[in-house]
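The values are calculated or read from the model by the stated rules, or taken from the named source; none is laboratory data. Here the structure is a predicted model, which is why all the values come from computation and not from measurement. Every residue, glycine among them, receives a Cβ derived from its backbone with ideal geometry; neighbour counts consider all protein chains shown. Just so you know, the surface numbers come from the protein's heavy atoms only, side chains and all, with ligands and any DNA or RNA stripped out. Shrake-Rupley method; radii C 1.70, N 1.55, O 1.52, S 1.80 Å.
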Amino acid sequence: MLRRDSTGGGLGVMLDRLKPHIVPLLVLLAATGAVYGQSLGHEFLITWDDQKYVTGNEAVRGFTAAHLKTAFSTFYIGNYAPLQIVSYMADYTVWGMRAAGFILTNIILHALGGLLYYLLLFRLTGRRPWAFLASFIFLLHPVQVESAVWISQRKNLLAMVFFLASFLLYTAYRRPGNYNAKSAPQNSELKTQNSKLLYAGSVAAFLCALLAKSVAVILPPVLLLYDWCLVPKERREGWRADKVPYVLAAAAVAALAWESQTQELGGGRRGFHGGSPLATFCTMLPVFVRYVGMLLWPANLSAIYTPPVKGGVDAEVALAALLLAVMGAGMVLLCRRRKDLFFWGALFWVGLVPVAQIVPLVTLMNDRYLYFPLLGGAALVAGGMAELVDRAPLPSRRWLGGAFFLPLLILPVLSFQRAAVWRDSLTLWTDTIAKAPDSPLTNFSLASVYQMNGRLDDAIPLYRRALELDPRDRDTLINLSNLYLDRGEPDQALPYVRQLVDNHPAFAGGYLALAHYHFLTRNLPAAEAACQRAVQLEPASPLALRYLGVTYRMEGNIAAARETDLRALAAGGESPELRFEMARIEAAGGNGGAALEQLESAFRLGFRDLDLLAGSPELAPLRGTPEFRQLLGRYLQQ
């Protein structure tokens, strides 16, 4: 007989415990890979947050002290999520700016969250079928696609991994005597030490979850529910007091989120929908019912939803209230009879609290808002199935279990189809506008895609439709203004430029659009005044400074143009366009050598606009020189 020696016993016990879970875990991983593998061919969604978080964010380009400082001191689109930015740094270090690498990390984190969820469920229930079914639903439900494949939703995935790690460590802390009981000496000192380490690890993981996304603030009430529902009374010593560090951390992050979600910081906090808390409450009742429906019947999912804002109680609100009351009664019944199932149902509703519009946000509902609630929803559904199978006569249990599982196989199929929609901006917004045609964001986003692809005639009606839905929207006004200005149609642009400046007088971009209009109409004094106003509003804006420099050059004020462009360069405005403009300034000032140096810098940075190069009158004296021809040969004839 083979015998384990003293050094291998612990490992042997661990392997013995792992063996029954190898097949379920491998099936979960294989299914996740099969559904989401196609996403490795997707692109950055630069028309929706990916540009702000990744492609246009200098801080993600590798690990440096400056980048780390930026990550931990900056709000991104109203979110304080430094670990999200740090994770992008790791992606960039390994993959560069390749979308596939960033998406791969998303998929790995989603899969890791699913595995941790399986471990948590098995620890709390001791039943593999329950843990497997719930994890299958969690990983492969179509509402999870948005969080799993959209690079900007990395924060959701990171927060989930650390949330589950914290929860797992807390359950171990609550039952320290069960850990390594066969091989560890059973003495109170060791148990106390283990408990402290597990508790500290849980708090540390919770802090990481909060630094990934503020939605993790739901952990303290979840832990209280766990202690009350699933921990025997004799083990609840200090069960309220030990939540204090979690509550303090959650309160601090909630306060930070309240501040960061202001419109000034790019966040989504708005006034109450419908103008009052009552109207918002009435609006959200049908949304809650719809969330439950999406879990049970995940059809017609969309990147944007436009549920109607309610001014008060109508038939839909009344019906939603009735359905929710029935669900509430069911929860009360569960609480009395099966607290183990009640816990998971309560977790679903607790997970919805951060997005329940208690603090009004601009978006009423999203697929990603169900990422955390699905922890409870999936476990409740799987637990209900397991309970029904257990109550069936022994001969029919296998058949009944198969009958319950077969309908779940539609989930990976639907998720595979849904993941394909997120391939690029065009496929995403084409799908979304068919489902949410009255959303300003949907019309704006698809118009932006068309504009980037040169389909300007297709973009214009969508921009106009977006303005009909939201006449003051700044982004729509600036894009439509610039579209006409770039096409050389100042008269078409002027109404939108005026509307932009009038509605947003503190927006520097509006004055730059106005300056562009005056450039086209050759009104240089007015252009200079508009540029000066833009610089007053944003003194360190490289773009505003560059526009002002162009004005000075066109007016013949070479010294002022040179000084302004140097300010733009010092403000971080290094770009091929700025260097080319500096070459034009030096050439206009008769400094051919400096002009060629600046032109070489522009070429080195990627400047390749041959039409602008040939059409710039300032460069005419240089075009016949050998040095100019050498530059062209070196950079443009390769």
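Only one of A529, A513 is in a helix (DSSP H, G or I), in contact with a Ser or Thr (Cβ under 8 Å, 6 or more places away or on another chain) and either free of Cβ contacts under 8 Å to residues at least 24 places away in the same chain or open to solvent by less than 30 Å² (accessible area, probe 1.4 Å) (or both); which?
A513
Out of A131, A66, I need the residue that is buried (at least 19 other Cβ atoms within 10 Å of the Cβ) and in a helix (DSSP H, G or I). Which one?
Just a single option satisfies the conditions, and that option is A131.
Looking for something within 28 Å of L40 (Cβ to Cβ), in contact with a Leu (Cβ under 9 Å, 6 or more places away or on another chain), modelled with pLDDT of 95 or more and not charged (D, E, K, R) - is there at least one such residue anywhere in segment 342-359?
No: zero hits.
Would you please name the residue that is most open to solvent (accessible area, probe 1.4 Å), looking only at residues in segment 72-98 that are hydrophobic (A, V, I, L, M, F, W, C) and within 28 Å of P373 (Cα to Cα)?
Checked segment 72-98; the qualifying residue most open to solvent (accessible area, probe 1.4 Å) is F72.
Could you please give the count of residues in segment 416-435 that are part of a helix (DSSP H, G or I), under 19 Å from G33 (Cβ atoms) and aromatic (F, W, Y)?
Residues meeting the conditions: 1.
Which condition breaks for A570 when tested against (1) among the small types (G, A, S); (2) over 25 Å from L622 (Cβ atoms); (3) touching a helix residue (DSSP H, G or I) at 6+ places or on another chain (Cβ under 8 Å)?
For A570, the failing item is (3).
Where residues in segment 472-497 are free of Cβ contacts under 8 Å to residues at least 12 places away in the same chain and out of contact with any Phe, Trp or Tyr (no Cβ under 6 Å at 6 or more places or on another chain), which of them is nearest to M452 (Cα to Cα)?
Among residues in segment 472-497 that are free of Cβ contacts under 8 Å to residues at least 12 places away in the same chain and out of contact with any Phe, Trp or Tyr (no Cβ under 6 Å at 6 or more places or on another chain), the one nearest to M452 (Cα to Cα) is D486.
From (1) closer than 27 Å to S39 by Cβ; (2) in contact (Cβ under 8 Å) with a residue 60 or more places away in the chain; (3) surrounded by fewer than 19 Cβ atoms within 10 Å (Cβ to Cβ), pick out the condition that doesn't hold for P407.
(2)
Could you grab me the full set of residues in segment 270-287 that are in a helix (DSSP H, G or I) and either open to solvent by 10 Å² or more (accessible area, probe 1.4 Å) or in contact with a Cys (Cβ under 9 Å, 6 or more places away or on another chain) (or both)?
Of everything in segment 270-287, those that are in a helix (DSSP H, G or I) and either open to solvent by 10 Å² or more (accessible area, probe 1.4 Å) or in contact with a Cys (Cβ under 9 Å, 6 or more places away or on another chain) (or both) turn out to be H273, G274, G275, P277, L278, F281, L285, P286.
Quick one: which of F444, F372 is open to solvent by less than 40 Å² (accessible area, probe 1.4 Å), modelled with pLDDT of 95 or more, farther than 16 Å from E146 by Cβ and not small (G, A, S)?
The unique qualifying residue is F444.
Can you tell me which residue in segment 556-598 is least open to solvent (accessible area, probe 1.4 Å), limited to those that are farther than 21 Å from A614 by Cα and charged (D, E, K, R)?
D565
Look through V353, V313, V362 and report the one residue that is of a type in the set (V, I, T), free of Cβ contacts under 8 Å to residues at least 60 places away in the same chain and either open to solvent by 60 Å² or more (accessible area, probe 1.4 Å) or over 26 Å from P220 (Cβ atoms) (or both).
V313
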